[in-house]
1. Hey, which lysines would be in cross-link range of residue 70, C-alpha to C-alpha under 25 Å, not counting anything within fewer than 8 residues on its own chain?
2. Using only Cα atoms and rounding to the nearest 10 degrees, what angle (0 to 90) does helix 56-76 make with the longest principal axis of the chain?
3. Once Cα extents along the principal axes in Å is worked out from the coordinates, which option in (1) 81, 30, 11; (2) 44, 34, 17; (3) 31, 27, 21 does it equal?
4. Helix-derived [θ] at 222 nm for the chain: sum -39500 (n - 2.57) over DSSP H runs of at least 4, divide by residue count, nearest 500?
Amino acid sequence: MVHGKIKQICLSCKHYRPTDELEGKCRVEKGKIDHLAYPVKQHDDSCDLWQDCGQQYYIRIGWVRSLRSKKEADSRV
């Protein structure tokens, strides 16, 4: 990622909600489909309906990194 410019990936999209360190759910159809039917996407996926989530991206990336480091620490034990 180039400083100051966010890649158009799911992790930086306002419709995306991460569920674990690898994937999340796309909520672009929120209100139109059942919440259990939201499509599962990888953090690096992208689509034409991408919208910048702004500062939320940095919160998400910190959350994902925390999950990864916790998972690595648990696997060392």
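1. Partners found: 25, 41.
2. Roughly 40 degrees, rounded to the nearest 10.
3. Checked against the structure: label (2).
4. Working: 1 runs with 21 residues, N = 77.
-9500 deg cm²/dmol, from helical runs alone.
Here, each number is a calculation from the coordinates, and none is a lab measurement. Bear in mind the structure is a predicted one, so any value in this text is a computation, not a measurement.
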